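All remarks here apply to the structure that follows.
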Amino acid sequence: MEDNIFTQIINEVTEFVDTDIPIVSGYSFNQYETIQRIHRHLNNRFEDSEYDSEGFQKFFYNLSEYRCDVATKAIDLDTRDINVIAEQGQSYYPCWYFEKELRQWIKEKGFGKLINRIVWELPRYGSVVVKDVDTPRAEKMIVDLRNFFIDQATDSLDTARFIIERHYYTPEELRKMPWNKDAIEEAIEKFRDNTLESYYGASSEESVSTPFIEVWERYGEWENEDGKYTKKRFIVAGLREKTSIAGKRKMIDSGVILNEEEINDIPYREVHWERVRGRWLGKGFVEKLFEVQVRVNEVVNLQAKGLWWTALHLFQTRDETINRNLLSDVVNGEIITAASEIMPIVNEERNLQSYQTEMDRWERQADNLAFTYAPITGERLPAGTPLGSAMIQTEMAQGFFDLKREAVGMFLKDIIFDLIIPRFKKAKSKEHILNLVGESPEELSKFEQLKFNYEYNQRILKWIKDNETIPTQREAQVLEMTLRERLKEPTEKFAEIPARFYDTLKYKIDIVITGEAIDVASKLNTLQVAIQLLASNPAIIKDEQIKRIFYKLLDLAGINPADFEVTGEQPSLEEEIGRTLPTGGSIRVPRAPATPAILPEATTV
């Protein structure tokens, strides 16, 4: 290991850019070149010139972009797919508040854009890296792989020998960073006018002055002065590497260390589309279609060049006295006197069917590699396709994308637990108001039930404290009916959330991403069966024993039973008293007072 952090970073970046790592005999890999090639294909650019050796423009027939869009749509997730549920034996109602407020907060902070960006980039680049960093724009948490230099042979970022990320800051942005202020001013003074020599941009001769300051952030082990190795983060500015006259690279030690600190964990999270043994970068659709793309481009350009020749009208004659251009030197109806016939040269394209056959073959190969069959893309199936074949194609493609969606769902669950929820709890740690305006009637009904349960329990406890006795069943019923009558009055749809209300929910919640553990088709079948059972026997939800079994059935199918706990219209106090008071006959023998039930409430955490 170098004794100079600037030299160390330069050597590691050079290793990343210039070194091909062997995967197996006869196959090596370079992540830098692969990322560059992916970007060129996504932007319809060739590896070399846009013109061939004869001066014809080459056309890029993009096979990847469309199939990546199909994959993004197939695995797409939304913030509404995030559901918070209580662990077994825990109260659901605090989690209900948590879910409502978490969804609102995620929407306000733009984390929906972060999710969209993940599912957009993953099938294109094969890997997505999310960084735990405070930023006003959540999608900025995704690392640009063009500026990401790592040990490309590592299995995961946790075991990488080094991780280096490159940033570009304006002087104003750099001054806002929480690093050494004197070092920041020194970097601004030294490097704000330096030319930008980017590994992904122009060469030093073509680069121009820029107001940006290049900053390098390195994570990895570092040997301290005492000889011990510790994991550290270095942030430096001003690295420059130039080539000497002899062709050897030389590092100029003029950099500035902006920050240096020991760390325990790296702030990066990773997800991959398809893993390949021996390399870190996953394989996305663009890379899988590299060879197919090359062949299709070749066929397309051969056909285009053939059509160019076909468009020419050429003529031949044995009469040496005729030296005219029949397209420009003659007019319509003119009679030409010649000693020999003037005959058109046959140069029309006779191989169009072969071109189409070749294109169809490689298009099918692209569909096979990307699982983008007609039933998935919405295209019309070829005439005569058997129904069984179409169903098999659909099931195969859906199964493939369901597997990818599950991987994305588990990754997002980690992101939500590790990055989003801590920020949310910190933002909502003080006492605040939860706005429920705009929620559905079912959700508002649950909210009203929560309010009733809380008020009822408070009144029961106050009764016991004031009267030093437990109210009878009759007294509890009157108390309940009085409270329901009062709560029928329209109230504002706001809830007061106490300070640090969500702190103890860490081990009481789980997050279910729709499509990760729930089969939508099975869910629909379960709901249809539930409707049939309720229609044939409405008493199911009245008998507590049968109700528990029924709710367990819904829970096993991935349907939250609490969604069906909607409070209906309650009878008025006069109606309830009239229904329960005796209308005549002898007086019943009085029974011992029963202890009123304590209802579940929102404050049970």
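Each value in this text was obtained by applying a stated rule to the coordinates, not by laboratory testing. This one's a predicted model, so the numbers in the text were calculated from it and none came from an experiment. For neighbour counting, all protein chains shown are included, and Cβ atoms are generated from backbone atoms with ideal geometry for every residue, glycine included.
What shape does the stretch 5-288 have by the C-alpha gyration tensor, where a ≥ b ≥ c are the square roots of the eigenvalues, rounded means a/c under 1.5, and otherwise prolate means a/b greater than b/c and oblate the rest?
Oblate.
Please work out whether the stretch 1-82 counts as rounded, prolate or oblate from its C-alpha gyration tensor, where a ≥ b ≥ c are the square roots of the eigenvalues and a/c under 1.5 means rounded, while otherwise a/b larger than b/c means prolate and anything else oblate? Walk me through the numbers on the way to the answer.
Values: a/c = 2.30, a/b = 1.20, b/c = 1.92.
Note, shape of the stretch 1-82 comes out oblate.
Among His313, His272, His41, which comes first, second and so on when ranked by fewest other beta-carbon atoms within 10 Å? Walk me through the intermediate numbers first.
Working: His313 10, His272 20, His41 24.
Final ranking by Cβ density, sparse to dense: His313, His272, His41.
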Around Ser28, which amide H atoms from residues at least 5 apart in sequence, or from another chain, sit under 5 Å from its own amide H, with H modelled in the peptide plane? Ile23
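Could you sort 273-281, 326-334, 303-311 so that the peptide with the highest average Cβ count within 10 Å comes first and the rest follow in order? Provide the component values of the computation, followed by the final result.
Numbers: 273-281: 17.0, 326-334: 8.2, 303-311: 13.8.
Top to bottom by mean Cβ count within 10 Å: 273-281, 303-311, 326-334.
Distance cut-off 19 Å, Cα to Cα: go down the list Lys109/Lys232; Lys131/Lys190; Lys109/Lys426; Lys140/Lys425 and report the pairs above it.
On the way: Lys109/Lys232 31 Å; Lys131/Lys190 29 Å; Lys109/Lys426 14 Å; Lys140/Lys425 21 Å.
Beyond 19 Å between Cα atoms: Lys109/Lys232; Lys131/Lys190; Lys140/Lys425.
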